[in-house]
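Just so it is clear, none of the values below were taken in a lab; they were calculated from the coordinates. Source: prediction; values computed, not measured. A quick note on method: Cβ atoms are made from the backbone with ideal geometry, for glycine too, and the neighbour counts reach across all protein chains shown.
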Amino acid sequence: MKRIALLGMPNTGKSTFFNRLTGASARIGNWPGITVDLLGAKILLGAEMVETVDLPGIYDLHGFAEDEQVVRRFLQNNPVDLLCVILNAAQIDQQLPLALQLRQLGLKAVLVLNMVDEAERLGIRFDTAALAAGLGCPVCPISAKYGQGFPETRETLRQLLSHAKPADTVALQVDFAADEALIAEAERLVARTVTLPRMLEHDLTERIDRVALHPLFGIPLFFLALYLLFQAVYTVGGPLQDGVAWLLEQFRDLALVPLQTILPSLLYGLLVEGVYDGLGTVASFVPVIVLFFLGMALVEDSGYLARIAFLMDALMARMGLDGRGFVMLLMGFGCNVPALMGTRVMRSRGLRLLTMLVIPFSLCSARLQVFVFLTTALFSPAQAPLVLFALYLVSFLTAFATALLFKNRLQSREPLLIELPPYRLPTFEQIVLRSWHEVHHFLSRASRFIIAGVVMIWLLTHLPTGVPAGSPDTLAGIFGGWLEPLLRPIGIDQQMAVVLLFGFVAKEIVLGAMAVVYGLEGDALAQLMTHQMDWVQAFSFMLFTLIYTPCLSTVATMRGESKSVAFTGASIAWSLGLAWLFSFVFYQGARLLGY
Amino acid sequence: MTMVRLSELAIGQPGIIEEVDAEGHFRQRLQALGFRIGKEVRPIRQALFGGPLQVRIGSVNVMLRRNDAALIHVWAEG
């Protein structure tokens, strides 16, 4: 099968072009010679199936960054029939040297000039024929976002491929002196083929920045925007979540409950009360997750995240992190897993590990659900929001304290250089595609763990057979008994200890586990909780839930991203220790004060 | 014309790049974003609490920390 490789600088709309070319069929895959996963897709181009690979964004083919090494190793180990080089047309003067470097590989190539619409608005004009002649390859001006010029580009790709001879891998020789000459050549080529307006002023962007990056109002404005985003997600997502839960319940009552008479009771319990109910918990979360990722995609593609990094960098630098680390913590409010994956942009290992160490303290949406349930049950309507707010504060506090404590161990001197791109309004299609990728990824990860998790809970609370479900005589009860001496000093009894054990798998399971353990659901469960624990115990339980390991998905992601079992283990141990310490100090302190 | 560091330019004051004292990957990223000898740079604003600088070079806006900006030597008017 012939192969097209997409190459370009970061922020050139490469992924948008890739999505447009491949639809939503892309899969993450392994490639010879490299250790990171890349997105790839098989597409029908003319009459041929063609494999398309999205290579990481690079600034310099001869660079030393991880991504740049990945690209080099990919090209050395995988034959490429057509190199599709994507540049941001609005920044052609800066990006053309990369195209010239790639031309030296001697591969069949095509230059895709993306964002021509933006370049046109800025008054940049191209002589594409002269540029193509100068480069020795076809030049396709497009707007990947709006699809302008896309059909022609696709046709060019097809034609080039149909004439391509079987390709071989390339041998790379790095000649830094030649790179200087390339820059000079690029400047001459730009001077000959591109008309640049004398002063490029992104007027609208500058006007927005005057407000968004205001020395005094910038940070408060950001928190306001954050608050509004959360409000929107939960206002719209709450009813949707209830709707999905209702549908799942209807299906259960109408289609699954009748099976009770047919299936053996153990099998029925495992399949329906275990797997179906467990998966249902995840499924009912999908609307909120989708909305959250829609919101994040909107913010991310708008260019605002880079501004948040700008505003918060000074504060984060004092903790050994940088502005990007704060952005990752924010992403962690939705789900810690994509936030951990987001640390890939960091090149220094120390900085990346330190950021990965603090992300799990970010109060994710699954934990929020537990807290909303417990605060509503145990606190007055006036107190409940304050308690939630306190938990968010603890979330930041533990993250920052962790960073301060470990910043000397995980040091970095990574210069921070971030482009503040012009503000862009993402298209609806673009946002939908992006969030679909995220959600798909989330579901495939989460469902694996949650099926295994709920099967385990069900078995633990129902075995050995012949004892009452959830009683101290079951396996779960026995484990709870073992944990009791450890958790008694923080006010957590045997039954809640079992719940915490399950919470290790995923916080989505915590409420379900409480329901299974106490044999009650919804309001009745809330009612029971007020008799089972007082507010001091409840807050201690919430502190522990907030700080200890978020879920197995986070652990697996951390293991995958850090490629270190030792680091992952240390992170789990640290968060467990810190959770116990916080709960202990709070619980014993409150009791000493007479509460 | 006097030679100063980029971090020493006043907000809004343009300078012409004379030397980029950075190494390795950072140097290349600077190059890729257009920080080359002879180009004009201008600090646009600085974040609170000694935070990073926003600098404009050509059509590109970037943020970089003051200590990193100090590696870039520029000619300034006056």
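What the table shows:
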{"read-out": "Hull-based mean projected area of chain A, where the convex hull spans the alpha carbons, in square nanometres", "value": "31.0"}
{"read-out": "Reach of A:K2 by Cα under 19 Å, taken over aspartates and glutamates that are not fewer than 8 positions away in the same chain", "value": "A:E48, A:E51, A:D54, A:D81, A:E155, A:D168"}
{"read-out": "Extended-chain gain in nm, criterion 0.36 nm per residue less alpha-carbon gap, A:H163 and A:Y595", "value": "147.4 nm"}
{"read-out": "Other-chain or far-sequence residues with amide H under 5 Å of A:V112's (modelled H)", "value": "A:V85, A:I86, A:L87, A:C140"}
{"read-out": "Size of charge dipole - region A:2-195 - debye, nearest 20, with Cβ of Lys, Arg +1 and Asp, Glu -1, no other charges", "value": "600"}
{"read-out": "For region A:2-195, alpha-carbon Rg over 2.2 N^0.38 Å", "value": "0.96"}
{"read-out": "Helix A:522-532 vs. chain A, principal-axis angle (Cα, 0 to 90°, nearest 10)", "value": "60"}
{"read-out": "At R0 = 56 Å, FRET efficiency that the Cβ-Cβ distance of A:V257 and A:K563 yields, to 0.05", "value": "0.75"}
{"read-out": "Beta bridges by DSSP in the protein assembly as shown, antiparallel share as percent, to the nearest 5", "value": "65"}
{"read-out": "Environment charge at B:I11 (Cβ cut-off 14 Å; Lys +1, Arg +1, Asp -1, Glu -1)", "value": "+2"}
{"read-out": "Unit charges on C-beta of K, R, D, E only; dipole of region B:2-76, Debye", "value": "260"}
{"read-out": "For region A:200-278 and region B:36-78, distance of Cα centres in Å", "value": "41"}
{"read-out": "Difference of contour (0.36 nm per residue) and Cα-Cα distance, A:K42 to A:M1", "value": "13.8 nm"}
{"read-out": "Rounded to 10°, Cα long-axis angle of helix A:552-562 versus longest principal axis of chain A", "value": "40"}
{"read-out": "Whichever lysines have a C-alpha closer than 28 Å to that of B:K39, once near sequence neighbours (fewer than 8 apart) are set aside", "value": "A:K14"}
{"read-out": "Distance in nm between pseudo-label sites at A:T427 and A:L443 (7 Å out along the Cβ direction from Cα)", "value": "2.4"}
{"read-out": "Where N is the number of residues in chain B, Cα Rg divided by 2.2 N^0.38 Å", "value": "0.98"}
{"read-out": "Long-range HN-HN contacts of A:Q148 with modeled amide H, under 5 Å", "value": "A:S143"}
{"read-out": "Average other protein chain Cβ within 10 Å of Cβ, residues A:299-307", "value": "1"}
{"read-out": "For region A:147-163, 3J(HN,Hα) per residue [Karplus equation, 6.51 cos²θ - 1.76 cosθ + 1.60, θ = phi - 60°, Hz, x = Gly/Pro]", "value": "x, 4, x, 5, x, 5, 5, 4, 5, 4, 4, 4, 4, 4, 5, 5, 9"}
{"read-out": "Assigned charges on the beta-carbon of Lys, Arg, Asp, Glu; chain A dipole about Cα centre (debye)", "value": "780"}
{"read-out": "For region A:380-388, Karplus couplings with θ = phi - 60° (6.51, -1.76, 1.60), whole Hz, Gly/Pro x", "value": "6, x, 6, 7, 3, x, 5, 5, 4"}
